[in-house]
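Following: one structure in structure tokens, then a few remarks.
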Amino acid sequence: MTMCGVFAAMAAGAFASDGESSKIAWAPGEGVTFGETPVVSTEFSLGFDSRYMTYGVIDGKDPIIVPGASITFFDWVYFGVEAIYDVTRGNGKRGGYGNRAGKYTTLDAMVGVAHDFDLGESLGALSVDFSYMYEYLPRYEDEVGDTQYLNLELSLGDLWLEPTLAVERDLMADDGTYVYFELGHTFEVAEDLTLRPAVGQGFGNSLRTRGYFSELEKVEGFDHGGVMDTTLRVDLEYAVNEWLTLGAYAAYHDYLFDGNMREAAAAYNGQWGGDHDRTWNVVGGLSATVSF
């Protein structure tokens with residue numbers, strides 16, 4: 001079925017008359033609904049990270065700002081955009097793409113299908129999110145660093161231990177695959193205030209790790225897939241009202257279980273200076289999300 005066909009089918013279901021009175025309504029945090037059926041909703045976010053981390057290693061030692069926006073139709077199909085902005089000139093100078101302080105360093109455009117499926121009282125809702133993303137990198141010295149991804153995320157948020165499985169497949173840069181599994185639990189600290197500690201583990205195939213580590217001087221020719229980054233993370237969220245949520249997080253990243261991976265991670269981090277020549281990092285951040 002084409003994308004137009006998907007929209008047509010969902011629209012037909014959403015606006016089918018059942019003999020009962022229905023009306024179009026809008027509410028902050030919920031978007032536009034027709035009766036009890038979601039029609040369209042939008043979300044805008046702004047994040048601040050103390051350091052740019054990917055796969056548990058440093059891709060920028062200085063802070064970044066991450067704005068994003070998305071629009072969702074019928075609680076199924078969404079379109080989104082996200083960018084990463086350098087705060088200082090240090091990331092670009094060390095990262096090899098020049099001084100981009102105050103300018104975007106990546107621009108991601110995505111389209112996806114996301115929905116919650118009821119699995120009954122024992123398991124609750126299964127959240128499924130499948131998306132395609134094109135990542136554009138501004139040209140520097142005529143180098144094209146763009147890539148594309150397919151992403152799949154599955155989660156069971158109604159369980160006491162909330163499992164999440166995320167799979168990322170690179171289609172353009174190195175054809176690598178990265179898998180991340182996380183377990184967490186959300187505690188209600190006070191009204192509208194939640195605390196969620198979580199532990200996660202990443203895995204990469206040889207194409208994924210080779211794409212990141214193979215050109216390092218200390219581990220030249222690295223071709224070794226397996227267990228990658230371990231993450232301990234705590235998220236704090238406060239729902240100010242129906243449409244505004246504020247967040248903060250702290251995270252510890254390390255490569256714990258594989259000697260070869262530890263050596264590669266330390267070498268990768270060490271590119272940002274001798275004091276970063278280690279496997280572990282502690283980072284944090286702030287965020288604000290507005291929903292309409």
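Listing for the model above:
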quantity	calculated
Estimated FRET transfer efficiency when R0 is 41 angstrom, pair VAL113-ALA190 (beta carbons, to 0.05)	0.70
Pair ALA288, ALA250: separation of 7 Å Cα→Cβ label points (nm)	2.3 nm
Residues of the stretch 178-195 with amide N under 14 Å of the 7 Å Cα→Cβ point at VAL227	181
Distance (nanometres) between label positions extended 7 Å along Cα→Cβ at ALA27 and TYR132	3.5 nm
Extended-chain gain in nm, criterion 0.36 nm per residue less alpha-carbon gap, ASP277 and ARG94	64.5 nm
Backbone HN-Hα couplings from phi across the stretch 70-87 [Karplus 6.51/-1.76/1.60, Hz, Gly and Pro as x]	8, 10, 10, 10, 6, 6, 10, 9, 9, 10, x, 9, 8, 10, 10, 10, 6, 8
Computed [θ] at 222 nm, helices only, for the chain once each DSSP H run of length n ≥ 4 contributes -39500 (n - 2.57)	-4000 deg cm²/dmol
Correct option for Cα extents along the principal axes in Å [calculated from the coordinates] among (1) 71, 44, 33; (2) 97, 50, 41; (3) 93, 55, 34	(1)
Efficiency of FRET from Cβ geometry, THR42 and GLU215, R₀ 45 Å, rounded to 0.05	0.65
Table column - 3J(HN,Hα) (Hz), the stretch 243-249, Karplus curve with 6.51, -1.76, 1.60, x for Gly and Pro	10, 10, 10, 10, x, 8, 8
Trypsin sites (Lys or Arg not before Pro) restricted to the stretch 105-208 and DSSP loop, no more than 12 other C-beta within 10 Å	ARG139
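Laboratory data are not the source of any read-out in this text; all were calculated from the coordinates shown. In this text, all values refer to a predicted model and were calculated from it rather than measured experimentally. Please note: Cβ atoms are built from the backbone with ideal geometry, for glycine as well, and neighbour counts cover all protein chains shown.
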